[in-house]
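The values are calculated or read from the model by the stated rules, or taken from the named source; none is laboratory data. Treat the numbers as computed from the prediction; the structure is a model and nothing was measured. A quick note on method: Cβ atoms are made from the backbone with ideal geometry, for glycine too, and the neighbour counts reach across all protein chains shown. We work out accessible area using only protein heavy atoms, side chains counted, and drop any ligands, DNA or RNA first. Shrake-Rupley method; radii C 1.70, N 1.55, O 1.52, S 1.80 Å.
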Amino acid sequence: MPENTPDAVESTPGLNRRHLIGTAAIGAAAVGGFTAGPGATRARAATPVPAAVQRERAVVIGSGFGGGVTALRLAQVGVSTLVLERGLRWPTGPNATTFCRFANIDNRSAWLTDHATVGGVVKTWEPYTGVIESIPGNGITVNCGAAVGGGSVMYHGMTLKPSKANFAASIPVAANLYDELNLWAYPLVASMLGVSTIPNDILNSDPYKSSRVFRDVAPGAGLEPFQVPLPIDWQYVRGELNGQYQPTYTTSDIAFGVNNGGKRSIDVTYLKAAEATGRVRVATLHVVRDIALDADKKWVLTVDRINTGGIVQETKTIVADAVFLNAGSAGTTRLLVKSKAKGLIPNLPDAVGTQWGNNGDRIYVWNGMNGDIGTQQGGPACVGGRDTTSSIPLTIIHAGSPIPSTAGKLMTVVGFGIVNPAGTWAYDSAKDDAVLTWPSSGDAALQALIAARMQKIAQVGGGIMIDTNAQANSTWHALGGVPMGSAVDLYGRVIGQKGLYVLDGARIPGSTGACNPSMTIAALAEHSMAKIVLQDVGSVF
């Protein structure tokens, strides 16, 4: 683990707004919310050592939900595959100290910045390849996972499947795929991740009082309560409850990853199975800078191999027959917007860089409610409520906060729903990067409905609701930028580009049917790969 050198730590006693924003950001890190400080630094310049050209049949960029599915299904049909991941592996286990905790946030929390990116926390340190990158844009900050396993390493684990109607409202071009997804792709993902809802003995334990308070108030606020399917081995939670393990789940100290293990993230499910075939290699600390098409119609990747401080150790040229972009909405979109602007890939669709959205993410702090929420709040986010009467589909989730009740009686409540994918990415030559612009009109109508529902929760359950995004707008659920129908086909093939695929959230225009995106991203990847291995393997690559 890195050596941490904090220069300053802000102490904020009491419940001022800054403290509440920080609490919300930590409590719902994987459901939507860090706050960006100054922009995240890129890998610092050095004199890179050039490497020989590396030849590959298939390259997968990114190792999250789309990348994990892609790598496994390629391997199973005999395709030798290289997975490029900019982040590190973060192995866990009972009582591990792999990830930093809320009480000692350090440079493991952030991707190559010299400062904390959590609201209410003022610390500086040596840059490190930590687990979360915060990308400031115009109107919103996008938070992205940077690890083997992608965002699955630090997300809360909500594995929600949208209804047919809500799926069609979010992704109308793919509406006809839903029946197939529902028949086999969604169930396959659920099986691979081993999802289940929180057992009653755990939900009824003391650390989950806040979850029960939310559940009990929800009906009076017009919400239909439900338990959230999660990829958790609940024996680890029971181990914490009986004193066998140090508290992690039971204190919601999971914003940067779960030290105790038991979370079936992509690195220990799909990727583990892919590597076990012997046909998949995962190269960590590899940052893809550019993708181009050469005269022989092969894909050429310019890749920096960095150290954990961001210093370039080697610059590689990797030539591949097929490239599968799974770097997340921001990562994939930025690469293709750059390639289009710089002329590296001729005839990329005009839709590249369009139809981006934030999944409607909004984080509230519920402060001073009537119910007894106990001294600590268990996680992950295990209970929620659906508004079945809303004119725009929306969901409200309780996400436990790691702040003990001695700091104040509060909990984090998160809303999301269906938005207009009005965001766009544009190339900035000075930065050699793409920059996001998100207009407030994209989710204004939805946010008015979420706000009304939040206020109703406080009216029924007591206390007040504070909208933390009003001062620091952010999302963990970035979607779109390379949309289906206009930039890629229904199977992720980039239109007009043979052997180039997008199988992550970048192809989903803005929202996933009032659900968090992970399950839909993975299910669509499963569905697409079933077609690609039949039609493209052996002919396209």
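Just a few scattered comments:
- Single match in ASP304, ASP294 (criterion: of a type in the set (Asp, Glu) and open to solvent by 30 Å² or more (accessible area, probe 1.4 Å)): ASP294
- Of GLY257, GLY309, all but one fail to be surrounded by 20 or more Cβ atoms within 10 Å (Cβ to Cβ) and assigned to a loop (DSSP other than H, G, I, E, B); the exception is GLY257.
- Residue pairs whose Cβ atoms lie under 8 Å apart, sitting 6 or more positions apart in sequence or on different chains, and linking a residue in region 173-191 that is over 15 Å from SER528 (Cβ atoms) and open to solvent by less than 90 Å² (accessible area, probe 1.4 Å) to a partner that is β-branched (Val, Ile, Thr) and not in a helix (DSSP H, G or I), are ALA190/THR159.
- So ALA472, is it part of a helix (DSSP H, G or I) and either touching a residue at least 40 places away in the same chain (Cβ under 8 Å) or more than 22 Å from GLY137 (Cα to Cα) (or both): no
- Some residue of region 380-395 being outside any loop (DSSP other than H, G, I, E, B), acidic (Asp, Glu) and buried (at least 17 other Cβ atoms within 10 Å of the Cβ): yes
- Of the criteria (1) at pLDDT 95 or above; (2) within 20 Å of LEU88 (Cβ to Cβ), which one ASP290 fails: (2)
- Members of region 355-379 found to be open to solvent by less than 30 Å² (accessible area, probe 1.4 Å) and outside any strand (DSSP E or B), listed by number: ASN358, ASN359, GLY360, ASP361, MET369, GLY371, ILE373, GLY374, GLN377, GLY378, GLY379
- Exactly one residue out of ALA330, ALA322 is touching a Cys at 6+ places or on another chain (Cβ under 7 Å) and open to solvent by less than 50 Å² (accessible area, probe 1.4 Å), and it is ALA330.
- Restricting attention to region 260-291, the residues being surrounded by 23 or more Cβ atoms within 10 Å (Cβ to Cβ), assigned to a loop (DSSP other than H, G, I, E, B) and among the basic types (Lys, Arg) number 0.
- Filter result (surrounded by fewer than 24 Cβ atoms within 10 Å (Cβ to Cβ) and either assigned to a loop (DSSP other than H, G, I, E, B) or not charged (D, E, K, R) (or both)) within region 475-517: GLY485, SER486, ASP489, LEU490, TYR491, VAL494, ILE495, GLY496, GLN497, LYS498, GLY499
- Residue list for region 156-172, restricted to those being touching a helix residue (DSSP H, G or I) at 6+ places or on another chain (Cβ under 6 Å) and either open to solvent by 10 Å² or more (accessible area, probe 1.4 Å) or acidic (Asp, Glu) (or both): LYS161, LYS164, ALA168
- Of all residues in region 427-450 being within 27 Å of ALA514 (Cα to Cα) and either in a strand (DSSP E or B) or free of Cβ contacts under 8 Å to residues at least 24 places away in the same chain (or both), the one that is least open to solvent (accessible area, probe 1.4 Å): LEU436
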